[in-house]
Amino acid sequence: MLTPNDNYVNMLDVTTPPDLMASIALFYQAYRTYTSGSDALLAQRGLGRVHHRVLYYVARHPELTVSALLERLGVSKQALHAPLRQLVELGLVTVGTPAHDRRVRQLTLTETGQQLEWQLTSPLAEHLSAALDRAGPQATAGWLKVMHEISTQPVAPSEPALAAQSRP
């Protein structure tokens with residue numbers, strides 16, 4: 001539940017519906033702007049954001065198991081099946097089996113997969129780094145805290161009181 005905090009002046013009061021709705025709109029706009037370049041490059045190849053997320057995690061965790069990837073992405077096997085198959089067919093990801101357990105499937109990027117992942121991710125890293133540098137250390141710390149809270153706290157079903165407040 002949102003509560004006011006008198007310790008912060010000159011900040012958005014996200015406890016009031018107009019500021020909260022403006023914050024949500026800004027979040028959507030920022031994400032759209034942030035991902036637009038990668039989305040265009042992916043679209044040229046007939047791919048989408050889910051493909052980028054797979055490439056991103058496999059690049060950072062070579063020999064990532066399919067089950068670990070499912071957990072990181074928070075999707076079902078069925079949801080991952082088609083995008084992963086597409087990445088394998090395009091020669092961007094390989095699926096291997098470790099000698100110690102033939103039931104496990106490990107994912108690794110091919111050289112082409114590594115190049116594409118870097119083309120997609122490096123502009124995002126540069127963009128985010130520049131924005132955080134411009135915002136300064138306090139804003140960066142606050143943003144990181146907010147993003148951590150958003151990413152680790154599931155969205156609860158709508159509460160009637162908050163829903164009623166947000167209606168004009």
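Read the figures in this text as sums done on the coordinates, not as results from a lab. Predicted model only: the values in this text are computed from it and were never measured. Cβ: placed from backbone, ideal geometry, glycine included. Neighbour counts: every protein chain shown.
Residue exposure proxy: 21, 147, ordered by other Cβ atoms within 10 angstrom of their Cβ from fewest to most, comes out as 147, 21.
Relative contact order for segment 77-147: what is it in percent, counting Cα pairs under 8 Å that are at least 6 residues apart?
Details: 40 pairs, mean separation 12.7, N = 71.
Once normalised by length, the contact order is 18 percent.
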